[in-house]
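Please read the structure below before turning to the comments.
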Amino acid sequence: MKIAIIGSRGYPYVYSGYETFIAEVAPRLVQQGIEVHIYCHKNLFKEKPPIVNGVHLHYISSIKSKSLSQYTNSFLSTIHALFKNYDLLLYVNSANGIWGPLTKLFRKKTAINVDGLEWLRPKWKGLGAKVFYFSSKMATKWMNYIITDAEAMRQIYLQQFNTDSTVIAYGANIRYSNNISLINKWSLEKDEYYLIVGRLIPDNNAVLIIEEFIQSNSLKKLVVVGDVPYNDSYAGHVKAIKDNRLLFTGYVKNQDELAELYHNCFAYFHGHEYGGTNPTLLKALAYGCCPIALDTIFSREVLNNEQYGLYFTKEKENIKNLIHSIELNNDKIKTIKEKSRNRIIENYTWEKITEQYVNLIKNAINKTHS
C-alpha cells in the first residue's frame, strides 16, 4: 500500500492542525506497513532529507504569497503525484477539492480531509469565501472519499452538499505537569490565570473574551498565547488592549513551557467558532484543563455537552457573569480537571485515529482493485 499526502506545509514541520495530524499519523501509518509520501513546501525547509522516520518526502516549490502559496504547491504536487504509482492520494484542506477533475481524469483514487467551514471564516470574505465553498463542493463531486473531523461536520456536508462522509477526528497525547517552574518566567502561579491559545483571528473571538474578562472583577490574570505570522490589523488591535491583568506571550514554541501553561491554568477559554474537532481543545483536555468553550455544535461534540466543559455565548456580560460564578464556586472546574483526560482516552487517541485511517486506506485500495 502506497499513499501520498498533499496540502500541508510538510513533515515534520508543525504549524497548525494539519501538520500536527500528519506528524502524529504518518509515522504510525508506516508502522502499519503503509508506504507514506508527503509533499512539502520547499521554501520552508533548510534541510531536505528524502526520508524522515520512514516517511518519504518530496519538496515542491510554490509562489511566495499568502493567498497563492498553498494553491500552487498543491497543484504542482498533484501534477507530480499523477505520474506516480500511488494507491491513494490523501488531500488535506477543502481548498484542494478543485483538483478533483484532474485526479479523476488520471483515474487516481482520492480522499480529502475537508476540515472546517472555511467559507464562513471572516478572513475569507467575498471572493475567498466563494472559492472555498466552490472547492468544498468540487471535493464532494470529484473526490472518492470525503473525511470530516466531527459528526456535526458530517451533518453539515450532508445538508450543504448532499454528500456523506467518513468521520475521523483529530487526536491528542495525554500529558501531565512535571516542571511547574517553567511558568515562572511570566510571573504566573498555578490556578491564578485563565488561558487562551490560538491564532489572533476574528473567528477565534479573542477580543470578545478579553473585553468581557476586563469587565469582570477577577483578580486572576488572562494569558493569551498566540499571534499571526504576518502584519494584521485585527491581531494588532487585540494586542493593543490594555489591562494590568492581561499577558500576551506571543508564540510559545517551547512545547514544555506551553504544556505547563495548560497544566496550571485555572481554566482554558476556547473561542474557536467554525472548525470541527479542534486540536487546541483536544490538547486542553489531554493536559488536564477545564475548557470554557464558545457554545457551538462542535464544542459540544468534543466535550460531550456539559460532561467535560463549560460554555459561554456572545451575549453581552455572559462571560463576565460566568467568571464571577465559577470564582465564587469552583467545584465544577475541579471536577472537570480531574476527569478531562478521560475524554481523550475514550475517543481521541492518535492510535484510534490512525486505525481509522488504515481502515479507510485499505477499503479504498480494495475497491480500486476489485
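Descriptive notes on the structure:
- If the condition is being at pLDDT below 95 and among the basic types (Lys, Arg), then the range 186-211 contributes only 199.
- Subset tally (residues that are farther than 12 Å from residue 337 by Cβ and of a type outside the set (A, V, I, L, M)) for the range 256-292: 16
- Filter result for residue 129 (modelled with pLDDT under 95, touching a Ser or Thr at 6+ places or on another chain (Cβ under 6 Å) and either of a type in the set (Asp, Glu) or not assigned by TED's automatic domain parsing to the domain that holds residue 235 (or both)): no
Let's see how each residue does on (1) more than 19 Å from the chain's Cα centre (by Cα); (2) surrounded by fewer than 16 Cβ atoms within 10 Å (Cβ to Cβ):
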{"residue": "280", "(1), (2)": "no, no"}
{"residue": "302", "(1), (2)": "no, no"}
{"residue": "310", "(1), (2)": "yes, no"}
{"residue": "320", "(1), (2)": "yes, no"}
{"residue": "333", "(1), (2)": "yes, no"}
{"residue": "338", "(1), (2)": "yes, yes"}
{"residue": "355", "(1), (2)": "yes, yes"}
{"residue": "359", "(1), (2)": "yes, yes"}
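- Checking each residue in the range 152-165 for being out of contact with any helix residue (DSSP H, G or I) (no Cβ under 6 Å at 6 or more places or on another chain) and not in a loop (DSSP other than H, G, I, E, B) picks out 153, 154, 155, 156, 157, 158, 159, 160.
- Helices (runs of 4 or more DSSP H) lying entirely in the range 266-370 (those with 2 or more residues that are in contact with a Cys (Cβ under 6 Å, 6 or more places away or on another chain)): 331-347
- If you go through the range 41-78 and keep only what is of a type in the set (Phe, Trp, Tyr) and closer than 23 Å to residue 102 by Cα, you end up with 59, 71, 75.
- Qualifying residue in the range 83-105 (condition: in contact with a Lys or Arg (Cβ under 6 Å, 6 or more places away or on another chain), among the aromatic types (Phe, Trp, Tyr) and either assigned by TED's automatic domain parsing to the domain that holds residue 139 or not in a loop (DSSP other than H, G, I, E, B) (or both)): yes
- On inspection, residue 348 fails the criterion of being without any contact (Cβ under 8 Å) to a residue 40 or more places away in the chain, crowded, with 18+ Cβ neighbours inside 10 Å and hydroxyl-bearing (Ser, Thr, Tyr).
- Residue check for residue 252: assigned to a loop (DSSP other than H, G, I, E, B), among the β-branched types (Val, Ile, Thr), in contact (Cβ under 8 Å) with a residue 24 or more places away in the chain and within 30 Å of residue 92 (Cα to Cα): yes
- Within the range 172-220, the residues that satisfy the criterion of being assigned to a loop (DSSP other than H, G, I, E, B) and under 15 Å from residue 288 (Cα atoms) are 172, 173, 174, 175, 176, 177, 178, 179, 190, 191.
- Verdict on residue 272 being crowded, with 18+ Cβ neighbours inside 10 Å, farther than 22 Å from residue 192 by Cα and not hydrophobic (A, V, I, L, M, F, W, C): yes
- Here residue 90 passes the criteria (1) under 22 Å from residue 349 (Cα atoms); (2) more than 23 Å from the chain's Cα centre (by Cα) except the one numbered (2).
- Residue in the range 256-264 that is surrounded by fewer than 19 Cβ atoms within 10 Å (Cβ to Cβ), among the acidic types (Asp, Glu), modelled with pLDDT of 90 or more and under 16 Å from residue 183 (Cα atoms) present: yes
The values are calculated or read from the model by the stated rules, or taken from the named source; none is laboratory data. What you see is a predicted model; the values in this text were computed from it and never measured. Neighbour counts are summed over all protein chains in view; Cβ atoms, including those assigned to glycine, are modelled from backbone coordinates with ideal geometry.
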